[in-house]
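Q: A single structure is presented below for examination.
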Amino acid sequence: MHRQYELVYIAMPDSTEEQLAELHQQVATVVDRFSGTIERTEMWGRRRLAYEINRQREGVYVLEILNGPGAMTTELDRRLRVLDIVMRHLIIRIDEVLAKETRTQTRRKAATVSRRLRRGLPAEPTEQELSRRKAEADDADGGDGFGEGDR
Amino acid sequence: MNDYDKDSRGGGRGGAKGAAKGKDDKAGRRGGLFRRRRVCKFCVEKIDYVSYKDVKVLTPFIPERGKIQPRRISGTCAKHQRALQVAIKRARTLALIPYVTD
C-alpha cells in the first residue's frame, strides 16, 4: 500500500553541496529499497532557526515529497536520526489531507455553481461581477482595519 | 496541549476571581464596547488545509510570548483551531516558529 509522505530535514549550516547531495542520495536509496518514488524535492536553502539546535542558529532546509509504504518512513526516521549532519527531521503523511482538501474545494465550487443556477445566473461569475467584487475587496482593506487589530 | 491550555485558563480565572468585583464589571463593559464580530480567518479565506510550512499564515496566531492564541480571542472556529494547533506544533519542531520567546 503506497501512500504519500512529506519529509523535511534540516542539515547543519556548514554542510557542503556534496554532503547535501550524498544525503539526498541516501534518502533516495532507502526510498528505492521500499520501491517508493521521490515525487519532488525542494531546497529551501539556509534559513534562520527560530531557536538554537545543536548550538546552531541556521540550518539548511530540504523538503521531499515521497510515495511509498509506511515501513519506509520508519526506516527513514531511524536513519535520519543517526546521521550527524541532520539536525532535525519530520515526516508526515499528506495523501489524506490533500485528498480532503481537493474534495472540499470541488464540493464548494459545485455548491456555488448550483446556487448561481438556481438564482438564474450563469454558472461562472461574469467579468463585471469579478471587477466589482475586486473593487469591494480593495475598499474593505483600507476601511475598518478589520482582522488586523483582533489578533 | 490540553494540560497547558487548562493551566493558563485556570490561572486567568483565578486572577479575575481574586480581584475586586468592581474590576470584573469594568472588564465586562470594556468587552461590550470593543467587541467586534469575530470570524474564523480560515473560513473566510477558504483555507482547507493549514500547512506548517506557511509561516506567514501561522504567525498572526502566535503572540509575542510564543503561545498559541486561544480561540476566544482569535475567533477561529473549532475545526480550524484544531488544524492550526497541529500546524503550529509541527512548525515548532522544525524551528520555523519558536516554542517560547522572552
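Q: All but one of (1) surrounded by 10 or more Cβ atoms within 10 Å (Cβ to Cβ); (2) modelled with pLDDT under 95 hold for A:Gly149, so report the exception by its number.
A: It is condition (1) that A:Gly149 fails.
Q: Give the residue, chosen from B:Lys56, B:Lys21, B:Lys17, B:Lys26, that is open to solvent by 50 Å² or more (accessible area, probe 1.4 Å) and modelled with pLDDT of 80 or more.
A: B:Lys56
Q: Could you check A:Arg57 against (1) open to solvent by less than 60 Å² (accessible area, probe 1.4 Å); (2) under 19 Å from B:Thr93 (Cβ atoms); (3) not in a loop (DSSP other than H, G, I, E, B) and say which number it fails?
A: (1)
Q: List every residue pair whose Cβ atoms sit under 6 Å apart, with the two residues 6 or more apart in sequence or on different chains, where the first one lies in segment A:102-114 and is over 13 Å from B:Lys46 (Cα atoms) and the second, anywhere, is at pLDDT below 90.
A: A:Val113/A:Ala123
Q: Could you please find all residues in segment B:75-88 being farther than 17 Å from B:Lys56 by Cβ, of a type in the set (Gly, Ala, Ser) and part of a helix (DSSP H, G or I)?
A: B:Ala78
Q: Against the conditions (1) farther than 20 Å from B:Tyr52 by Cα; (2) surrounded by 13 or more Cβ atoms within 10 Å (Cβ to Cβ); (3) not charged (D, E, K, R), where does A:Leu90 fall short? Just the number, please.
A: (1)
Q: Further question on the same structure: Take B:Ala91 and decide whether it is more than 9 Å from every other protein chain (Cβ to nearest Cβ), at pLDDT 95 or above and either open to solvent by less than 20 Å² (accessible area, probe 1.4 Å) or assigned to a helix (DSSP H, G or I) (or both).
A: no
Q: Which of the residues that make up segment A:108-130 are open to solvent by 70 Å² or more (accessible area, probe 1.4 Å) and either assigned to a loop (DSSP other than H, G, I, E, B) or more than 10 Å from every other protein chain (Cβ to nearest Cβ) (or both)?
A: A:Lys109, A:Arg115, A:Leu117, A:Arg118, A:Arg119, A:Glu124, A:Glu127, A:Gln128, A:Leu130
Q: Any idea which of (1) open to solvent by 50 Å² or more (accessible area, probe 1.4 Å); (2) in contact with a strand residue (DSSP E or B) (Cβ under 7 Å, 6 or more places away or on another chain); (3) free of Cβ contacts under 8 Å to residues at least 40 places away in the same chain is the one A:Leu49 doesn't satisfy?
A: Against the list (1) open to solvent by 50 Å² or more (accessible area, probe 1.4 Å); (2) in contact with a strand residue (DSSP E or B) (Cβ under 7 Å, 6 or more places away or on another chain); (3) free of Cβ contacts under 8 Å to residues at least 40 places away in the same chain, A:Leu49 comes up short only on (1).
Q: Which of (1) open to solvent by 90 Å² or more (accessible area, probe 1.4 Å); (2) at pLDDT 90 or above; (3) farther than 30 Å from B:Pro63 by Cα is the odd one out, the single condition A:Glu75 does not satisfy?
A: Only one criterion in (1) open to solvent by 90 Å² or more (accessible area, probe 1.4 Å); (2) at pLDDT 90 or above; (3) farther than 30 Å from B:Pro63 by Cα is unmet by A:Glu75, namely (1).
Q: I would also like to ask the following. Can you tell me which of (1) in contact with a Phe, Trp or Tyr (Cβ under 7 Å, 6 or more places away or on another chain); (2) open to solvent by 10 Å² or more (accessible area, probe 1.4 Å); (3) touching a residue at least 60 places away in the same chain (Cβ under 8 Å) is the one A:Gly68 doesn't meet?
A: Only one criterion in (1) in contact with a Phe, Trp or Tyr (Cβ under 7 Å, 6 or more places away or on another chain); (2) open to solvent by 10 Å² or more (accessible area, probe 1.4 Å); (3) touching a residue at least 60 places away in the same chain (Cβ under 8 Å) is unmet by A:Gly68, namely (2).
Q: Collect the residues in segment B:59-74 that are in a loop (DSSP other than H, G, I, E, B), facing another protein chain (nearest Cβ under 9 Å) and open to solvent by 30 Å² or more (accessible area, probe 1.4 Å), keeping them in residue-number order.
A: Residue satisfying the conditions is B:Pro63 alone.
Q: Let me ask something else. If I ask for residues that are β-branched (Val, Ile, Thr) and within 14 Å of chain B (Cβ to nearest Cβ), which ones from segment A:20-75 would you list?
A: A:Ile53, A:Val60, A:Val62, A:Ile65
The values are calculated or read from the model by the stated rules, or taken from the named source; none is laboratory data. Model, not experiment: these values are computed from the prediction. Glycine gets a Cβ as well: all are built from the backbone with ideal geometry, and neighbour counts include every protein chain shown. Surface accessibility is based on the protein's heavy atoms, side chains included, excluding ligands, DNA and RNA. Shrake-Rupley method; radii C 1.70, N 1.55, O 1.52, S 1.80 Å.
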